[in-house]
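Q: Here it is, the structure in full.
The values are calculated or read from the model by the stated rules, or taken from the named source; none is laboratory data. Predicted model only: the values in this text are computed from it and were never measured. Note that each Cβ is placed from the backbone with ideal geometry, even for glycine, and that neighbours are counted across all protein chains shown. We work out accessible area using only protein heavy atoms, side chains counted, and drop any ligands, DNA or RNA first. Shrake-Rupley method; radii C 1.70, N 1.55, O 1.52, S 1.80 Å.
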Amino acid sequence: MQSQPINFQPPAEEAAPILLPVTATLFADRAERFAALADGHSLGDWLVFLGQLSRAQHDAIKALPALPLPDAATLEQARTHGMPPLNIANRPAAWREALRQIARSLVDSAPEGARKALDALLAADDAWLDKLADTLLSGELEAGDAAELPFVAAALQVVFTQLASQLDASQLQKLDAHGVCPCCGSPAVASVVRLGAAINNLRYLHCSLCNTEWNVPRATCTACDSDKEVALHEVEGSKGAVRAETCDACKSYLKIVYQEKDPRVDPVADDLASLALDMLVDEAGYERSGPNLNENKRLPAVDRVLQQIPDLIETHGRQLVTGCVRAELAAAREGLKHGLPLPDETSLLTAIRRRADEAGRANLRAVFNLTGTVLHTNLGRAQLAEEAIAAMVDAARSPCALEYDLASGGRGDRDDLVSGLLAELIAGGDTNVAATIVNNNAAAVLLTLNALAQGKEAVVSRGELVEIGGAFRIPDVMRRAQVKLHEIGTTNRTHAKDFQEAINPKTALLMKIHTSNYAVTGFTAAVDEKVIADIAHAANLPFVIDLGSGTLCDFAAHGLPAEPTPQQALAAGADIVTFSGDKLLGGPQAGLIVGRKDLIARIKKNPLKRALRVGKTTLAALEATLRLYRDPDRLAERLPTLRLLTRPLADITALAERILPTVQAAIGEQATVSVAPCSSQIGSGALPVERLPSAALVVRPNFKKAGKFLLTVEAAFRGLPTPVIGYIRDDAYHLDLRCLEAREEARFVGQLSHLKF
């Protein structure tokens, strides 16, 4: 939006102060202007319809019977007391017939929204029509039907334009209030700078009701008469035929149209065709001082809306809420294209609140994981124990001794917060075992390789060159660590002699990688970890094991498939073990490096360690999670990962039976919901071929070729306040209930009423 101050010199000679409407051409010319403005306009359909409305006004004013003017005494009294001679409260009854004539001429061609309003007007009695007229002329637009009022305005314009045209301009005088019509007392819709011998370059205000025009000084606010803080604004790139005159004294604005820029401009038509300019000045905090009665309803200015929602601003902040207000106002104006009424204030504020709540909602949202994958990488893997959550909150809320030794009062080491715990749990407190923590297991492998083998070789079996999620591969990690990969064996078989024969002066370490996310079966062979450790130590080389997922408890003792542990790896002779914190361990995302103290010291001195280290909340959650392992008898109860993995099938099935009726009612008759057995998986690369018996709610459509319907169902569940993530398989939508615990049952069921198909 461009703005500029006003610089205007008034003409030397007196011009006609009041211009009465010319009924023979006024509405016909306006109809042509609407048609011209509609060509290529984003609101073209709406402008075309308004042109048809103006044509209907032209026909109605020609059909009007003679309208009696106020008597001479009334006219003289109005002149003496500086009052408008036409009393809008005393309107001729002919206005109702004009309205019905306009409605009959438009009803068949009107857009759907307008057609309903026209049908209602044709069916209305005189009393109801007069009530609508009172609503419009009083300015209390909220009380009337926004879709019907423009047609009421059109009929009133016809009769009052006819009355104004019959007055004697020489007997009229401008009123003290510049913005008020001297004929009927209505506010101006806009002003026009005209061309012509006697009125050239003069500004006339144009009445919103009777189409009379009266001369007022330029560079003067028509609302408050200020001449000090007035400026003109226009849309960048426009030809300047329509501008907005703003006043900073009263924060109002009104449009000006310029005949010198376009001789065909019409104050009413060009005002409605330049709603983009209204948006710009609304956003700048100005409020319109006069209505355009041909519009459904003038939307409030941005600042005015903001004043009504201070609680929303307090919640989300002024910047976000202002953006939502502007977006809803723009959407409301867009509705005009289709003949829709603009929303009432209540609907507008409701829409703004909804938009602000959606925009202010966190992108990282809680969901219900009903995919059947307990440790789902895309859904955040392990759910933290309540103890870990509380520890994170405490660490986040207050200063904490992250790298401060409380005993000595000197600088501490953040790894010390968990290193001793890990040594206790994994190696029984062996003082030769230490640990360091980085942000994930890929980082743990990268740092270990770079610290212990940079510029040298790491020997790995071909059958263990794993690829993890996102196409990250062990060979790529080694390359980034500046370590040369020395592959041995074949995809399915590797022997001890392969390790022995691979060792050369460039060898830095031997490495074994747990193939946690796939399994090779059949004719296979692998070297036992103790054997590799002996080969490495005989050559004075470190032996590194990457466990990937990693768990600190015996899964078999909990009735789960066995998974190798760091304890077993160190007992087998590994010097360094790396594993994840947020998978089977059940803690936060982290990479744990545990092993010989001297090697851990080398790893910690590597510059990459600082780049990959974790923050205080991660360490707080990890420490709290590790402490749970000190109490193995209650671990399955307190650690969500283990609790979900060991959940009895009977509990899951009972839950499914309880919530089945509610889910069926929410789905409706388009599909049948049933309980069916299914198999869950651990996920995140752990125990890839193992399955856990579970139960699912299965939504199966009651008709064939229901692919689109299933996608709709899936999207509807994702669209709930707390999104529900299931899966489509075998022409049905499945909700595996293993991860829906009893404490979440009421919240899950309670939101199903929001399902929308």
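Q: Any idea which of Leu711, Val749, Gln664 is furthest toward the positive side of the dipole for region 609-757, if Lys and Arg beta-carbons carry +1 and Asp and Glu beta-carbons -1?
A: Checked the options; the winner is Leu711.
Q: Give me a comma-separated list of calculated 3J(HN,Hα) values for region 47-59, in order, Karplus coefficients 6.51, -1.76, 1.60 applied at θ = phi - 60°, integers in Hz, x for any Gly or Pro.
A: 5, 4, 5, 5, x, 5, 5, 5, 5, 5, 5, 4, 5
Q: Using alpha carbon centroids, what distance separates region 685-738 and region 524-586, in Å?
A: The two parts, judged by their Cα centres, are 36 Å apart.
Q: Holding the Cα-Cα limit at 31 Å, pick out from Lys484/Lys605; Lys116/Lys261; Lys116/Lys708; Lys174/Lys251; Lys456/Lys604 the pairs that are longer than that.
A: Numbers: Lys484/Lys605 21 Å; Lys116/Lys261 39 Å; Lys116/Lys708 34 Å; Lys174/Lys251 24 Å; Lys456/Lys604 19 Å.
Over 31 Å apart, Cα to Cα: Lys116/Lys261; Lys116/Lys708.
Q: Given all pairs of different Cα atoms, what value in angstroms does the Kirkwood hydrodynamic radius of region 269-399 take? Display every interim value, and only then the final one.
A: Working: mean 1/r = 0.0548 Å⁻¹.
Final number for the Kirkwood radius of region 269-399 is 18.3 Å.
Q: Per residue, how much accessible area does the chain show when a 1.4 Å probe rolls over the protein heavy atoms, in square angstrom?
A: The answer is 45 Å² per residue.
Q: Could you work out the Kirkwood radius for region 493-558, taking every pair of different alpha carbons, averaging 1/r and inverting it, reported in Å?
A: 13.6
Q: Still on this structure, please answer the following. From the alpha carbon gyration tensor of region 517-670, can you work out the equivalent ellipsoid semi-axes (sqrt of 5 times each eigenvalue) and give them in Å, largest to smallest? Walk me through the numbers on the way to the answer.
A: Numbers: eigenvalues 290, 92, 47 Å².
That gives 38, 21, 15 Å for the three semi-axes.
Q: How tilted is helix 345-360 with respect to the longest principal axis of the chain? Cα atoms for both, answer in degrees (0 to 90, nearest 10).
A: 20
Q: Nearest 10 degrees is fine. How inclined is helix 149-165 to the longest principal axis of the chain, computing both from alpha carbons?
A: The answer is roughly 30 degrees.
Q: Taking the Cβ of Ala63 as the center, what net charge do the other residues with Cβ under 14 Å away carry, scoring Lys and Arg +1 and Asp and Glu -1?
A: Working: positive: Arg55, Lys62, Arg96, Arg100, Arg104; negative: Asp59, Glu97.
With Lys, Arg at +1 and Asp, Glu at -1, the neighbours total +3.
Q: What do you get when you divide the Cα radius of gyration of region 693-747 by 2.2 N^0.38 Å, with N the number of residues? The partial results should precede the final answer.
A: Working: Rg = 12.1 Å, N = 55, 2.2 N^0.38 = 10.1 Å.
After normalising by residue count via 2.2 N^0.38 Å, the value is 1.20.
Q: Quick check: convex hull of the Cα atoms in region 437-561, volume per residue, rounded to a whole Å³?
A: Working: hull volume 15.8 nm³, N = 125.
Each residue corresponds to 126 Å³ of Cα convex hull volume.
Q: To the nearest Å, what is the center-to-center distance of region 326-405 and region 451-512, using C-alpha atoms only?
A: When both Cα centres are located, 44 Å separates them.
Q: Could you give the radius of gyration (one decimal) and Dmax (whole number) of the Cα atoms in region 56-199, in Å?
A: Rg and Dmax of region 56-199, Cα atoms, are 16.6, 49 Å.
Q: Once the Cα atoms of helix 649-667 and of the chain are each reduced to a long axis, what angle between those two axes, in degrees from 0 to 90 to the nearest 10, is obtained?
A: With rounding to tens, the tilt is 10 degrees.
Q: What three numbers, in Å, describe the spread of the alpha carbons of region 617-757 along their principal axes, ordered from the longest?
A: The Cα atoms of region 617-757 stretch 54, 32, 26 Å along the principal axes, largest first.
Q: Is there a quick way to get the dipole size of the chain? I mean about its Cα centre, with the Cβ of Lys and Arg at +1 and of Asp and Glu at -1; what is the value in debye to the nearest 20? If you can, show how the numbers build up before the last one.
A: Working: 79 positive and 91 negative charges, 487 e Å.
Using Cβ point charges on Lys, Arg, Asp and Glu, the chain gives about 2340 debye.
Q: Then there is this: Placing +1 on the Cβ of each Lys and Arg and -1 on the Cβ of each Asp and Glu in the chain, which of Pro84, Leu47, Ala276 has its Cα farthest towards the positive end of the resulting dipole?
A: Ala276
Q: To continue, here is another question. What percent of all Cα-Cα pairs in region 52-121 falls into each 10 Å bin, going from 0 up to the bin containing the maximum distance?
A: 18, 35, 25, 16, 6
Q: Report, to the nearest whole %, how much of the accessible area of the chain belongs to carbon and sulfur atoms, 1.4 Å probe, protein only. Intermediate results must be reported in sequence, preceding the final value.
A: Values: 17160 of 34330 Å².
C and S atoms contribute 50 percent here.
Q: Below 12 angstrom from the Cβ of Val466, what's the summed charge of the other residues (Lys, Arg +1; Asp, Glu -1)?
A: Numbers: positive: Arg462, Arg473, Lys512; negative: Glu464, Glu467, Asp476, Asp546.
Result for the local shell: -1.
Q: With n ≥ 4 as the cut-off for DSSP H runs, can you work out [θ] at 222 nm for the chain, using -39500 (n - 2.57) per run divided by the number of residues, rounded to the nearest 500?
A: Details: 28 runs with 300 residues, N = 757.
So the calculated ellipticity at 222 nm is -12000 deg cm²/dmol.
Q: Let me ask another. What does the net charge come to around Lys484 if you take all other residues with beta carbon closer than 9 Å to its beta carbon, with K and R at +1 and D and E at -1? Could the numbers behind the result be given before it?
A: Values: positive: Lys456, Arg479, Lys506; negative: Glu457.
Computed value for this residue: +2.
Q: Moving on. Of the options Leu205, Asn363, Gly573, report the single residue whose Cα projects farthest towards the positive end of the charge dipole of the chain (beta-carbon charges: Lys, Arg +1; Asp, Glu -1).
A: Toward the positive end, the furthest listed residue is Gly573.
Q: From the list [x] 39.5, 125; [y] 27.8, 97; [z] 48.0, 148, can you say which value of Rg and Dmax of the Cα atoms in Å was derived from the structure given?
A: Computed from the coordinates, Rg and Dmax of the Cα atoms in Å corresponds to [x].
Q: Here's a follow-up. Normalised by the empirical 2.2 N^0.38 Å for globular proteins, what value does the Cα Rg of region 201-296 take?
A: Working it through for region 201-296, the quotient is 1.01.
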